[in-house]
Structure formats: C-alpha cells, structure tokens
Amino acid sequence: MREKTKWWFNGDDSGGKGRLYFLYPKPFTRSTVYKPSDSDREAIVGDSLPGSHSVTEVSLMIRNLVSPRTLSCCLVLGLAVLAHPQPQAQVHESARHDFRVVTVVAGLDHPWSIAWLPTGEMLVAERPGRLRVVRDGVLASAAVAGLPEVYRREGQGGFMDVALHPDFGTNHLLYLSYGKPNEDGSQGTTTVVRGRLERGSVAYRIDDLEEIFESNAWGDNNNHFAGRMVFDPDGYLFLAVGDRMASPDLMADHPAQDLTNHMGTIVRLHDDGSTPVDNPFVGRADALPEIWTYGHRNQQGLAVHPVTGEVWSNEHGPRGGDELNLIVSGGNYGWPVVSYGIHYDGTIFTTETERRGMESPQFAWVPSIAASGLMIYSGEQFPWWKGSAFVGGLAGQQLARISFEGHRAVSEETLLEGVLGRIRDVRQGPDGGIYLALEGTDDEPLTRIVRLEPVAGDVRTPR
Ligand SMILES: [Ca+2]
C-alpha cells in the first residue's frame, strides 16, 4: 500500500450513513482493472478513517476518475458515521450553475500554466523556472529535469506556458515557452523549446531538448513577454509574443505596428518551428514570415475553440481596455493606435477605439481585470457553460464568463470576485472540470491549483 493522498466524505451533514471516497495512487499499468489486495484494504481502513467513524461494510469499487489510463483509483466504502462528518466547501451560486471550489494541489510557486499528460498527471509550469508534476493530488518534489535557465526568476521572464504535441501519446514531445536570456543575461526574449518527456527511475526528464523558435522581441526589461501557446486542430503551433512594454506614445511607430520584429504578435509555426508557406506575410521584405497577427500588447490567454477550431486570445490593456479577440490571419489588432484604455497615470494616448482595417475586440473590459488565462468550455460537468469563454482576472481577482452569439460576446458574468485572489490560468481538465491556477501573495508565495466542483442536482433552467 502506498501513501494515501486524499479522502472525502459524501453523506448527511448531521451524521448517519454515508460513503467515504478515498483516492490513492494506483500502480502504473495500462490495464483499467486493478483489484486491491486484502492487505490494501486493511491499510486503507486502518489509516484513513477518523476515530469517530466505524465501518459497517466495506465494498471496494474501482472507479477511474479521469481516464481509463489515469493513475487514480477511487475506493468507495460503505460507512456508518457516528459523528463529525467532514464539512463540505461553501457553495457558490451563479446564474447557471452552483459549484464548490476544492483544492487540487497546494505548495506551488507562481504557477503560470497547466497541462495534463495522458496518464492523468498534471504538469505545472512555475514562473521561476521549474516544471512540476502533480500525481493524484500530490506535488512531486522533483521538478522535470533538463529544461533551460530563465532570463528572470522574478517579474515575467521565467517559464510561461507548457503544451503537449498533438501526437504526444506516440512522440512524447513537450513544448515550453520561456524568457530566454542573451549571453550576458542583460536582455531576454520569448522563446520556445521542445524535447521528449521521458520517465526516469525517480522523476521525469526532458531528452533531446531543442530550441525551435526564438522571437525577435529582445529587451532589457522584465515585462510583457506574453508566451501563451496552443496547437490548432490542423497541428499548427500558435505562440503569443508580447510588446515588451514599449510606450504607447509611439503610436504608429510602436514595435507592435512594425512587422520587422515579433513584439506584439501571434506567430504561427509548424510543430518543428519552421514557417508555414501560407502565413500571411511570407515573401514580404518588410515583415517577418512567422507573424500571423500583430498590433497586440500582452496576451495572457490563447485558446482554440473546441467546436469551431478558431483561435482566440485575450490581452492586457493598460488602464482599461483588456481585450478578447478572435484571431484571424493577417489581422492588425490595433495596439496602441486604437484602444479602450488610457495610460496608467490617467492621461490619454489615443482617442480612437476602432479603425477601419484594424480588428476590433469581441469583448473589452473597462476597467481592466488584467485578463490572464483563457479557456472555452466544452465539458460535461457544467452543461450550461458549454461554449462560454472563461478568463481569469489578476488585478480583478475574479473569474469572468463570457457567453456568445456566434462570434459576438453578448454577456459577461463575474464569478468568485474577491474569493480566490489573483487568477493566473484557467483550464479545462480531461475530466471536464474547470481548473484555476492562483497567484500567491508576498506573505504567502506558495499557492494552489483549485477545481470548480459541480453541486449535485444543480442543473437548472436559465434565470
Ligand atoms: Ca486591440
């Protein structure tokens, strides 16, 4: 019997009969059938039950929680509870679904992004330059080995996003975006490496690491790297590169409006980093061929629509003017010539919010929430939320849900405002759950990933 990881009680709050769910690591096997031995049973019952509970019957049912190949099992034990049932988390109400917030894993240092392996294990990129593995709710102490050094462990120039190749199951290729330092460490730029994720005797490691794209977005500051990545259904890799905080007062001379660098762009690449010949600026002497769109600021969300396959992005405005954008080939998204925002000090750099020939956002936040993370929901756990976009708020300390008619955002609902602090990333897990990576604080830098848990019987008609 290995160490236990987690248990929770599902039953009458005032005591009485209920079921104890117990999650523990299953030996790694391709088989979906795993029978615990009698000694396993004894260890579970002996180790995991609080003293005031007694077991009247033990029925062991193996339930795969995530996928047939997950490492997790769930034992369901029939219990008679004498006293002190486990309190359940608070229910949060919203227009379409009620839900609880439960902790998935704690102890993370600036988690910036989340990805899942086919085994059900969770990968978490920590900004200071570590890639962590979470197995059955337990954070492995050893980080993934074989990844590069970062430009800055503080600020924004560390590890950014982690993504699996669409054929990861056969090729094991893992992609990481990060702030790459120049030779003397004085400047950094958004860069993508990939390598094969292999499991060693103790921990995962990256073999055959190679750099596949170094953006031309060098700067000696530590801001606006963007760095989000996503593969679209055709297998192209999209990468957001931030504007490196060049001043909006540059207006039409701003680097985000200059196609000879990658600042303020989304680039589109083959999986090996080479340039697709049908990219919109291929063959132009005044443009870099990797550019797919430009005129962006600091894009902290990038997602593929689960039904249409379209690429969507969100970006930070300055004071006001965060945007949710539908990404179309060759589009100029206007920064800083058109914006719904103003300078942080309240002064104005543009009076225009839209202009012919520039792409307008499908939704804009005024005031800003500091949009971070983007997910368009397609799971079964929250059926009324299918097709909604979920966006984390850093300064806004909230989860925004945007609903659409076609491409047009028609409503915004603010969830969890002020409840969880700053939300850095939003993902849909392979179980259809909604996962949030939270920011720590100066006082408590280590932080959590949480999951929204449906409330049974919650599905209701719209209010
Ligand atoms: Ca814009």
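Near Trp112, the amide H atoms lying under 5 Å from its own belong to Ala125, Glu126, Arg127; only residues 5 or more places off or on other chains count, and H is placed 1.01 Å from N. Does segment 158-243 come out rounded, prolate or oblate, given a ≥ b ≥ c as the square roots of the eigenvalues of its C-alpha gyration tensor, rounded meaning a/c under 1.5 and, failing that, prolate meaning a/b above b/c? In terms of gyration-tensor shape, oblate. Note on segment 343-463: dipole from Cβ charges, positive end direction compared against Ile369, Ile434, Val410; the farthest Cα belongs to Val410. Amide H contacts of Ala226 (H built 1.01 Å from N, in plane; Pro and chain starts excluded): Gly242, Gln299 sit under 5 Å, all sequence-distant by 5 or more or on other chains.
Are there chymotrypsin sites (Phe, Trp or Tyr not before Pro) in segment 291-354 that DSSP puts in a loop and that have at most 14 other Cβ atoms within 10 Å, and which ones? Those satisfying the criteria are Tyr344.
Got a sec? Charge dipole of segment 140-224, +1 on Cβ for Lys and Arg, -1 for Asp and Glu; which of Gly158, Thr170, Val202 is way out at the positive end? In segment 140-224, that residue is Val202.
Placing pseudo-labels 7 Å out from each Cα toward the beta carbon at Glu413 and Glu214 gives an inter-label distance of 4.7 nm.
Which shape class applies to segment 246-398: rounded if a/c is under 1.5, otherwise prolate when a/b exceeds b/c and oblate if not, where a ≥ b ≥ c are the square roots of the Cα gyration tensor eigenvalues? Verdict is oblate for segment 246-398.
Going from the fewest other Cβ atoms within 10 Å to the most, the residues Thr350, Thr170, Thr119 appear in the order Thr170, Thr119, Thr350. Spin-label model, Arg100/Asp207: points 7 Å from Cα along the beta carbon direction are separated by 4.3 nm. Sequence-ordered 3J(HN,Hα) estimates for segment 311-316 from the Karplus curve with 6.51, -1.76 and 1.60 and θ = phi - 60° stand at 9, 10, 8, 10, 8, 6 Hz, glycine and proline given as x. Counted residue by residue at 0.36 nm each, then reduced by the alpha carbon distance between them, the extension gain from Val91 to Asp232 reaches 47.2 nm. Couplings 3J(HN,Hα) of segment 123-138, computed from phi: 9, 10, 7, 9, 3, x, x, 10, 10, 9, 10, 10, 10, 6, x, 10 Hz, in residue order, whole Hz [Karplus 6.51 cos²θ - 1.76 cosθ + 1.60, θ = phi - 60°; x for Gly and Pro].
Each reported figure results from applying straightforward, stated rules to the coordinates on display, with no laboratory input. Quick caveat: nothing in here was measured; it's all calculated off a predicted structure. Heads up, the Cβs are rebuilt from the backbone with ideal geometry, glycines too, and the neighbour counts pull from every protein chain shown.
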